[in-house]
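Down below is the structure, laid out as structure tokens.
Read the figures in this text as sums done on the coordinates, not as results from a lab. Just so we're clear, the structure is a prediction, and the values are computed from it rather than from any experiment. Cβ: placed from backbone, ideal geometry, glycine included. Neighbour counts: every protein chain shown.
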Amino acid sequence: MSAALTAAGGSPPAGGPQPVLDGRRTAFQHTMIYVFVAGPMVALVAAVPLAWGWGVGWHDLGLLAAFYVLAVLGITVGFHRHFTHSAFKARPWLRVTMAIIGSLAVQGNVLNWVADHRRHHAFSDREGDPHSPLYGFWHAHMGWMFRPPEVSNERYAPDILADRDLRMVNALFPVFCVLTLAIPFGLGWLLGGSFATAWSGLLWAGVIRIGLLHHMTWSINSICHMFGSRPFKTGDQSGNVAALAVFSMGESWHNAHHAFPASARHGVDRFQLDSSAAVIRTFERAGWVSDVRWPDAERVASKRL
């Protein structure tokens, strides 16, 4: 796999160019997109009067927070910084673990997620960007997911296709979609001891958590490509939005990310909170990851406006 493909997703694999789009999306995939996009949004609206009338238990909020943090890190550290941009190398068991945890976010399987994001970097804010703000906020935020065809995995994610372990995790994605709801249900039962607390755990730590996580991730595609500061040269409209840094685990330092796609840290300046980078640093100290691409001060200075 070439360095250009790793960093930005713009180069085809060896053996000649592959098509950008493959046009394939099954009826089941269409259905699941609507279920897992619309379902959590409906649940979130329905939960407002429920919380107002009956309150929310401590175990509900605790489970919601725990599953939110875990799944977000699966996306930011795993799907994004490791699998898409190769910001660090990880031991095989950690790669599989990150792929599984990222799948619990229900943002698509690791193969499609990586291919979509590499294509985004290849055509950022131009024709060909899967979630370009050229077509408006709604399209960049979530509308793009309802428009086939699919991005070519052979062109943009040949390394994921070549990894037997990741192919297995990819094939089991429907199972993880079930588990990401079943586990909060089971924990709600264990903590509260009743069907009521089990269903409450499912609602808050399962469905609503998925909805909150989805919109945070989608905000990076929409808000961070329409607003924010732009201290670095990128050639696109990516912006740093400090207000989203905590809940996005550092992903909202998006202008810096587009300036340095393969960097393990997106908050490259002082006092820029990036908890995903802190997790990677912890992994590095534990000896679980290596060859971490931390920001180079000279290169950061060279791209600063």
The local net charge around His215, scoring Lys/Arg +1 and Asp/Glu -1 for residues other than His215 whose Cβ lies under 14 Å from its Cβ, equals 0
Least to most buried among Tyr135, Tyr156, by other C-beta atoms within 10 Å and fewest first, runs Tyr135, Tyr156
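Where nothing but the Cβ of Lys and Arg (+1) and of Asp and Glu (-1) is charged, how large is the charge dipole of the stretch 82-176 around its Cα centre, in debye to the nearest 20?
Its charge dipole is roughly 260 debye.
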The local net charge around Ala278, scoring Lys/Arg +1 and Asp/Glu -1 for residues other than Ala278 whose Cβ lies under 11 Å from its Cβ, equals +1
If every Lys and Arg gets +1 and every Asp and Glu gets -1 at its Cβ, then about the Cα centre the stretch 150-305 yields a dipole, in debye to the nearest 20, of 340 debye
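In what sequence do Leu273, Leu305 fall when counting other Cβ within 10 Å, fewest first?
Ordered by Cβ neighbours within 10 Å, fewest first: Leu305, Leu273.
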By the Cα gyration tensor axes a ≥ b ≥ c (a/c under 1.5 gives rounded; else a/b larger than b/c gives prolate, otherwise oblate), the shape of the stretch 124-266 is prolate
Neighbour-count ranking for Arg119, Arg164, Arg81, Arg147 (other C-beta within 10 angstrom, fewest to most) reads Arg164, Arg147, Arg119, Arg81
